[in-house]
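Contents: one structure, followed by commentary.
Read-outs: derived from the displayed coordinates by stated rules, not from any lab. Just so it is clear, the structure is predicted and the values come from calculations on it, not from any experiment. So basically every Cβ, Gly included, is an ideal-geometry build from the backbone, and we count neighbours across all protein chains shown.
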Amino acid sequence: MKDKIKVILVDDHAVVRAGFRMLLSTMADIDVIAEADRGETACQSYLEQQRM
């Protein structure tokens with residue numbers, strides 16, 4: 001089985017992130033692993049995911 005593509009959604013509008021999450025949830029090979037409202041938070045989420 002192929003590994004899923006891991007995505008961190010980053011946008012300052014929660015509604016936009018929710019829309020993209022809903023759209024991406026229909027894709028079997030994509031996994032949204034985190035969301036962030038700014039770049040700094042996204043970088044922190046990325047580093048946390050790397051430790052797992």
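Counting only C-alpha contacts under 8 Å and six or more residues apart, can you give the relative contact order of region 5-51 as a whole percent?
46 percent
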Candidates (1) 12.4; (2) 13.8; (3) 11.5; which is the computed Kirkwood radius over Cα pairs in Å?
(3)
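What is the sum of charges around Val15, taking Lys and Arg as +1, Asp and Glu as -1, for the other residues whose C-beta is under 15 Å from the C-beta of Val15?
Residues near Val15 contribute -2 overall.
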As an exercise, identify the trypsin sites (Lys or Arg not before Pro) in region 1-30 lying in DSSP coil whose Cβ has no more than 16 other Cβ atoms within 10 Å.
Lys2, Lys4
